[in-house]
1. Kindly list the number of the only condition in (1) touching a helix residue (DSSP H, G or I) at 6+ places or on another chain (Cβ under 7 Å); (2) closer than 19 Å to I227 by Cβ; (3) of a type outside the set (F, W, Y) that fails for N214.
2. Inspect the range 100-113 for any residue being over 23 Å from V215 (Cβ atoms), under 18 Å from the mean Cα position of the chain (by Cα) and modelled with pLDDT under 95 and give the result as yes or no.
3. Could you check, for the range 183-201, whether at least one of its residues is of a type in the set (V, I, T), in contact with a helix residue (DSSP H, G or I) (Cβ under 6 Å, 6 or more places away or on another chain) and surrounded by 21 or more Cβ atoms within 10 Å (Cβ to Cβ)?
4. Just wondering, is there one or more residues in the range 161-170 that are closer than 21 Å to E216 by Cβ, part of a loop (DSSP other than H, G, I, E, B) and small (G, A, S)?
5. When the range 208-233 is examined, which residues are found to be among the hydroxyl-bearing types (S, T, Y) and without any contact (Cβ under 8 Å) to a residue 24 or more places away in the chain?
6. Name the residues in the range 171-183 that are in a loop (DSSP other than H, G, I, E, B) and not hydroxyl-bearing (S, T, Y), would you?
7. Look at the range 184-225 and say how many of its residues are assigned to a helix (DSSP H, G or I), closer than 30 Å to I66 by Cβ and out of contact with any strand residue (DSSP E or B) (no Cβ under 7 Å at 6 or more places or on another chain).
8. Would the range 213-221 turn up any residue that is over 19 Å from P44 (Cα atoms) and in contact with a Phe, Trp or Tyr (Cβ under 7 Å, 6 or more places away or on another chain)?
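The values are calculated or read from the model by the stated rules, or taken from the named source; none is laboratory data. Bear in mind the structure is a predicted one, so any value in this text is a computation, not a measurement. Virtual Cβ from ideal backbone geometry, glycine too; neighbours counted across all protein chains shown.
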Amino acid sequence: MKEQVREDPKIIAAAERQMQAWSMSAGSNVALDGSVAIAARLKPYVAISREAGAGGSPVAEIVGGILGWEVLDRNILDRVSQRYKLPRQMLEMVDETQANWAYDILGTWLDPKVIPHEKYVIHLGHVVLAAACQASLVYVGRGVQFLLPRDRGLAVRIIASESYRANRIAEREGISLKAATKKMHNMDIGRRAFVQRFFHQNIDDPHLYDMVINVERCGPQATAESIAASFNR
């Protein structure tokens, strides 16, 4: 049975020091550029990046089931919300979205509950590093592979054709194909901009990943099995 990750106050404090260093270095890899002590405590991981609608979350759940690991996907927002006493709906607005200076600057002035993108990413990094020190996990999106040392984990990119992805979104959300296609493009743009701004990487670059898998050709189950097998090897 999977164990719920518990945060150690000492690890949290160390993670916060690392994230302060990260924020000053504009997105360099924390564990590699930070202290050797905390890097040595980080557990192996699988980080799954995905195109919108490709089904990265279902694949991650299957991988987690095979490896016996917890999956951190959108539930990571719950951890950030609980730890920092922040409204979940506000975190949703900045999660993997394109930064907007008017929102980040004017929004916080008009409404103190508004969370700037930079603040969200720092909090996200705290939670990721604390979790990574406690257990091996499957992470979905949010540039986690750029926060953790590459030699400790497997980085995977899940892709599929636009028609496959748009149809999945339309079916999942009960919307028209036209609306699904628009939403898919907006999500891709937001994720691409998020990674570019905070990690200075091109999310579509295949050289950033150990594996790039077309889930449309392989299917979710076979894709997940390939990822788990590659990690075990």
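1. Only one criterion is unmet by N214, namely (1).
2. Taking the range 100-113 as the starting set, the residues that turn out to be over 23 Å from V215 (Cβ atoms) are 100-113.
Going one step further and asking which of them are under 18 Å from the mean Cα position of the chain (by Cα), we end up with none.
No - not one qualifying residue is present in the range 100-113.
3. Initial filter on the range 183-201 (of a type in the set (V, I, T)): 189, 195.
Of the ones still in play, those that are also in contact with a helix residue (DSSP H, G or I) (Cβ under 6 Å, 6 or more places away or on another chain) are none.
Within the range 183-201, not a single residue is of a type in the set (V, I, T), in contact with a helix residue (DSSP H, G or I) (Cβ under 6 Å, 6 or more places away or on another chain) and surrounded by 21 or more Cβ atoms within 10 Å (Cβ to Cβ).
4. So in the range 161-170, the residues closer than 21 Å to E216 by Cβ come out as 161-170.
Checking the rest, the ones that are also part of a loop (DSSP other than H, G, I, E, B) come to 161.
Still in the list and also small (G, A, S): 161.
Yes, some residue in the range 161-170 is closer than 21 Å to E216 by Cβ, part of a loop (DSSP other than H, G, I, E, B) and small (G, A, S).
5. Kept after step one, since they are among the hydroxyl-bearing types (S, T, Y), are these residues of the range 208-233: 209, 223, 226, 230.
Of everything in the range 208-233, just one residue is among the hydroxyl-bearing types (S, T, Y) and without any contact (Cβ under 8 Å) to a residue 24 or more places away in the chain, namely S226.
6. Step one: list which residues in the range 171-183 are in a loop (DSSP other than H, G, I, E, B), which gives 174-176.
Matches in the range 171-183: G174, I175.
7. Applying the first criterion (assigned to a helix (DSSP H, G or I)) to the range 184-225 yields 184-199, 206-208, 215-218, 220-225.
Restricting the remaining residues to those that are closer than 30 Å to I66 by Cβ gives 184, 187-188, 190-192, 194-195, 199, 206-208, 215-218, 220-225.
With out of contact with any strand residue (DSSP E or B) (no Cβ under 7 Å at 6 or more places or on another chain) added as a condition, the list becomes 184, 187-188, 190-192, 194-195, 199, 207, 216-218, 220-222, 224-225.
Residues in the range 184-225 being assigned to a helix (DSSP H, G or I), closer than 30 Å to I66 by Cβ and out of contact with any strand residue (DSSP E or B) (no Cβ under 7 Å at 6 or more places or on another chain): 18 in total.
8. Of all residues in the range 213-221, those over 19 Å from P44 (Cα atoms) come to 213-221.
Within this subset, residues satisfying the condition of being in contact with a Phe, Trp or Tyr (Cβ under 7 Å, 6 or more places away or on another chain) are 216.
Yes; the residues of the range 213-221 include at least one that is over 19 Å from P44 (Cα atoms) and in contact with a Phe, Trp or Tyr (Cβ under 7 Å, 6 or more places away or on another chain).
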